[in-house]
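Coordinate-derived values only; no laboratory data. Just so you know, these numbers come straight off a predicted model, no measurement behind them. We place every Cβ from the backbone using ideal geometry, glycine too, and count neighbours over all the protein chains shown.
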Amino acid sequence: MNKRNIAIDYLRILGMLGVLAIHVGSFTVNTPNFSPFLFFILEIFSRYSIPVFFFISGFGLFSNLNLYENFNYRRFLKLKLKNLLVPYFLWSLFYYLFFFDTNTRKLFVILGYLHSVLLGYACYHLYFMLLLIIFYTTMPFWVIILRKINLQPIYGFIILLTFQISFNHLALIYTPVTDNQLLKTLINFRLNLLVPHYLFIFILGSYFGNNYKNIVPILSRNFKVFLFFLTISLSVLIYKFSLMIAVANLELTVNTLQQLSLPGFFFTTSFIVTTFIFLEIKHTVLVSWQKFLKFLAKSSNIVYFIHPLFLYLVTTKLYEYKIIFDEAIALSTYLAVLLLSLISSFLYNFGIKVIANR
């Protein structure tokens with residue numbers, strides 16, 4: 001793990017932990033008198049996790065890309081896209097088959113599977129992969145955008161930020177009404193299909209990756225400024241949360257303050273940037289944990305894909321024995337699912353290593 005990638009690897013760990021927190025937290029929504037503090041951590045604070053993966057993806061795609069050479073789109077797709085399509089189709093098939101007998105879906109047919117793949121609902125966490133595939137297949141467009149932003153970064157990101165806020169706001173307050181079944185389906189799954197919801201953070205990660213050597217010293221010198229913005233955005237988010245939780249149920253509170261809302265967007269963006277800077281300038285304090293952290297970073301993909309399976313198995317048993325999903329159970333479930341997912345990742349990587357050495 002070279003120095004250039006340490007901060008990104010650690011961000012990947014935080015993203016993995018955050019996604020798991022959100023999915024565990026969803027089971028606390030109907031728990032009476034659940035701790036507001038713990039609910040905030042699980043369901044509001046942890047919403048940085050999906051945007052951070054788009055930041056990481058943009059960073060990785062553009063870190064070694066020369067924007068001013070001819071972009072070989074066919075070669076890019078051949079090298080990169082297969083690494084997304086294969087796991088996406090396989091995990092979609094796995095979850096489609098696993099859940100078809102335990103929910104209201106019709107008996108498995110090939111058209112039903114393809115429908116779930118195209119809309120990203122074979123399992124609730126796979127929409128991220130679908131959005132990432134769309135980002136990859138539209139890569140030439142992002143290359144053009146980043147070329148323009150590199151010319152005037154401040155003005156470019158102001159324009160992009162204005163678009164992002166406007167687009168998110170419009171999507172949250174306006175739902176088109178139509179009788180056309182296809183359009184209705186696309187509208188209902190718009191958060192799964194519309195990459196503009198994560199455009200700003202993806203391009204920001206792309207810019208950081210493409211201008212890494214030049215941007216890190218500037219960011220490091222201004223760390224306190226970013227820390228100030230993070231403090232303000234977190235304070236606003238906490239304030240909004242305290243107001244809402246007093247008059248609304250937990251589900252409405254989450255839907256109002258999720259990562260696409262204005263306070264949620266500013267918090268997630270400032271958290272990702274500030275944490276990235278901190279990890280760049282302070283990663284040496286974690287050197288004694290480097291082997292363990294490297295294992296967590298390497299495990300993040302498998303943990304992301306497999307944790308819904310273990311979460312389902314654990315929560316099914318809890319409901320079977322009518323155990324209330326209180327604070328202790330929520331934390332225990334989180335740790336149990338994380339541990340089982342990490343063990344699965346270890347076994348998977350060990351198996352791949354054994355096969356490769358034969």
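Here are a few things to note about the model shown:
- When PHE55, PHE34, PHE59 are screened for being surrounded by fewer than 23 Cβ atoms within 10 Å (Cβ to Cβ), of a type outside the set (Val, Ile, Thr) and touching a residue at least 24 places away in the same chain (Cβ under 8 Å), only PHE34 passes.
- Checked against (1) crowded, with 17+ Cβ neighbours inside 10 Å; (2) among the hydrophobic types (A, V, I, L, M, F, W, C); (3) not in a helix (DSSP H, G or I), LEU67 passes all but condition (1).
- So SER332, is it of a type in the set (S, T, N, Q), under 25 Å from PHE37 (Cβ atoms) and out of contact with any Phe, Trp or Tyr (no Cβ under 8 Å at 6 or more places or on another chain): yes
- Being within 28 Å of ASN66 (Cβ to Cβ), of a type outside the set (Asp, Glu) and out of contact with any strand residue (DSSP E or B) (no Cβ under 8 Å at 6 or more places or on another chain) is true of GLY209.
- Selection within the range 188-237: residues that are within 20 Å of ILE159 (Cα to Cα), of a type outside the set (A, V, I, L, M, F, W, C) and under 16 Å from the mean Cα position of the chain (by Cα). The member of this set that is surrounded by the fewest Cβ atoms within 10 Å (Cβ to Cβ) is PRO196.
- The set of residues from the range 332-351 being closer than 21 Å to LEU318 by Cα and of a type in the set (Phe, Trp, Tyr) comprises just one member, TYR334.
- Check on PHE310, aromatic (Phe, Trp, Tyr), surrounded by 14 or more Cβ atoms within 10 Å (Cβ to Cβ) and closer than 25 Å to THR31 by Cα: yes
- Residue in the range 281-296 that is closer than 30 Å to ILE165 by Cα and of a type in the set (Gly, Ala, Ser) present: no
- First in the range 6-28 and in contact (Cβ under 8 Å) with a residue 12 or more places away in the chain and at positive phi, second anywhere and β-branched (Val, Ile, Thr) and not in a helix (DSSP H, G or I), Cβ under 9 Å, 6 or more apart: none
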